[in-house]
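Quick notes on the structure that follows.
Read the figures in this text as sums done on the coordinates, not as results from a lab. None of the values given here were measured: they were computed from a predicted structure. In this analysis, Cβ positions are derived from the backbone assuming ideal geometry, glycine residues included, and neighbour counts consider all displayed protein chains.
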Amino acid sequence: MSATESARGSDVARQILVIAAFVFMIIGDAVGLGAFGGTPIQDAQGGSFSPDASYLTPATEAFAIWTPIYLGLAIYVIWQALPSQRARDRQRSLGWLIALTMVLNGLWLVTVQFLSVWATVVCIILLLAALVVTYLRAVRTQSRQTDGSTAS
C-alpha cells in the first residue's frame with residue numbers, strides 16, 4: 001500500500017470516526033438525560049446536578065447554550081465528511097481531537113446516570129483538557145495558514 005493510499009484510508013477513517021463520535025454523543029446525551037427510562041439529569045446523583053443544588057450548579061437557562069453548540073457540531077460533522085475536506089491539513093490536525101471531545105461530552109452524561117459524582121468530575125476535567133488542546137491546536141493551525149507557512 002502506497003503512502004497516498006494509506007493517507008486516504010486514514011482520512012476516511014477519521015471522517016467516519018468523527019461521525020461515529022457525534023452519534024455516540026447524541027445517544028450518550030439521551031441516556032444521560034433519562035430518555036431511555038433513566039433519571040433526568042437534575043434528579044440524578046441525589047439531585048447533585050439540579051439548578052439549586054449549590055452555588056456552582058448553573059441555572060436551568062444556562063443549558064440553552066447546548067442547542068447552538070450541538071447544531072454547530074452537527075454542521076461541522078457534515079462539512080468535515082465532504083470529499084473536499086478529506087485530505088485538508090486542518091481536518092487532519094483537528095478531526096481526531098474534535099471526535100475525542102464529542103465522545104467525552106457524551107460519556108460525561110452517561111457517567112451522571114451510572115457512576116459517581118467523582119467520576120463525572122474526572123470526565124469533565126478530561127473534556128476540558130481535550131477542549132483546551134483542540135482550541136490551542138486550532139489557533140496554531142490558523143496562524144500557520146495566515147502567515148502562509150502551511151497551505152490546507
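Tell me, what HN-Hα J-couplings in whole Hz come from the Karplus equation 6.51 cos²θ - 1.76 cosθ + 1.60 at θ = phi - 60° for each residue of the range 20-27, using x for Gly and Pro?
4, 5, 5, 4, 4, 4, 5, 5
Provide the gained length on full extension for the span Ala35 to Trp118, in nm with one decimal, where the gain is 0.36 nm per separating residue minus the Cα-Cα distance.
The span from Ala35 to Trp118 would gain 27.6 nm if fully extended.
Quote to one decimal, in nm, the extra length available between Glu61 and Leu126 on full extension: 0.36 nm per residue of separation minus the C-alpha distance between them.
Length difference between fully extended and current span is 20.9 nm.
Using a 7 Å offset from the Cα along the Cα-to-Cβ direction at both Ala20 and Ser84, what is the distance between the two label points in nm, to one decimal?
So the two model labels end up 2.8 nm from each other.
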